[in-house]
Amino acid sequence: MEARAPYHAEAPKGPRNLAAELGAWLRRQGFTATEHQHPGTVTLLAYWLGPQQERFELTYAWQSGPVPSATCWLTVRYPGQPQAETLFTAQHVRRLREARLLLTNCVRYANARLLARPIPTASTP
């Protein structure tokens with residue numbers, strides 16, 4: 001029997017710096033995103049204002065070293081609310097797809113995106 005190549009490529013052995021790719025994807029989603037690079041670390045800070053002026057803030061942090069790490073956090077702050085609510089915290093990611101799924105699978109963010117969509121108008125003949 002002939003050996004086959006794996007269908008899916010293996011994930012990187014350790015977390016890699018996804019800040020540039022994640023930042024570009026978030027900007028396409030309407031976020032304002034900035035990257036901050038320091039020796040051995042990169043932080044991506046991004047926010048999006050929802051239809052009710054709620055502010056969703058996503059933070060991505062990557063750290064190099066013998067035990068590299070890449071984590072994401074998401075908070076939301078509603079108008080008049082003194083503190084932001086944590087929607088998820090310190091979630092480890094290894095691939096861009098994992099970071100995107102964390103955001104898009106968040107129910108409150110998904111609901112805000114649905115409310116922000118323009119309502120289609122029915123055309124009359």
Legend entry - Stokes-Einstein D (µm²/s) once Rh is taken as the Kirkwood radius of region 19-113 over alpha-carbon pairs, at 25 °C in 0.890 mPa s: 180 µm²/s
Legend entry - Burial order of peptide ranges 56-64, 35-43 (average beta-carbon count within 10 Å, highest first): 56-64, 35-43
Legend entry - FRET efficiency, THR71 to VAL107 (Cβ-Cβ, R0 22 Å, nearest 0.05): 0.60
Inset, instruction - Normalising by the residue count of region 19-113, find the relative contact order in percent from Cα pairs under 8 Å and 6+ residues apart. - result: 19 percent
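Read the figures in this text as sums done on the coordinates, not as results from a lab. Everything numeric in this text was worked out from a predicted model, so none of it was measured. When we count neighbours, we look across all protein chains shown, and the Cβ atoms used for this are built from the backbone with ideal geometry, even at glycine.
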